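For reference, the structure is listed below as structure tokens.
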Amino acid sequence: MADVFALLIEQLVAEGPIGMVATAQLLGTFRCGKPCHSSTPTRWCLTGVKLPDGRVLRLEHFRSARRLMTSKPALLRFLASQQIETQNPFPAAPKSPAQQTRDGEAASRELNTIFGTRS
């Protein structure tokens, strides 16, 4: 396991480590022109973001003297991993329990008319 961390740290150092403030500055501004706060990439490192398929994605990072460090390429990989290619960008909402019951009853009635009532 230590080898995995060593490889990750080696890769991030080779890519040019940056702190969370610099990472936030790379993200630009959002609401009302306010810049991204450094706690945002920190949160991405520590807790990650939940993807639609249920997996949790974390920003690659390492600690150096109690500071979190990442790299610009790691940030780009993190952002690219969140982009989902899909045929329908707005999937249909799941059916409510009541709708599922109505659909089940309708299917049951249809089967009874086709095959007759079971006794």
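Readers should treat all values here as calculations from the given coordinates under stated rules, not as data from a laboratory. Small disclaimer: the values here were computed from a predicted structure and weren't measured. Note that we place each Cβ from the backbone using ideal geometry, even for glycine, and neighbour counts take in every protein chain shown.
Listing for the model above:
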| item | result |
| --- | --- |
| Nearest-ten-degree value, helix 97-115 long axis tilted from longest Cα axis of the chain | 40 |
| Rounded tilt (10° steps) of 2-15 against the dominant C-alpha axis of the chain | 70 |
| Set of aspartates and glutamates with alpha-carbon distance to K72 below 20 Å, sequence-local pairs under 8 removed | E10, E15, E60 |
| Rel. contact order, % - alpha carbon contacts under 8 angstrom, at least six apart, segment 1-114 | 23 |
| Ranked packing of 17-24, 92-99, 103-110, most packed first, by mean Cβ within 10 Å | 17-24, 103-110, 92-99 |
| Gyration tensor (alpha-carbon) shape descriptor, segment 2-83, a/c threshold 1.5 | oblate |
| Using alpha-carbon coordinates, inclination of helix 72-81 to the longest axis of the chain, degrees | 0 |
| DSSP-assigned coil residues among trypsin sites (Lys or Arg not before Pro) in segment 16-69, each with at most 14 further Cβ atoms within 10 Å | R55, R58, R66 |
| DSSP-loop chymotrypsin sites (Phe, Trp or Tyr not before Pro) across segment 1-81, with at most 13 other Cβ within 10 angstrom | F30 |
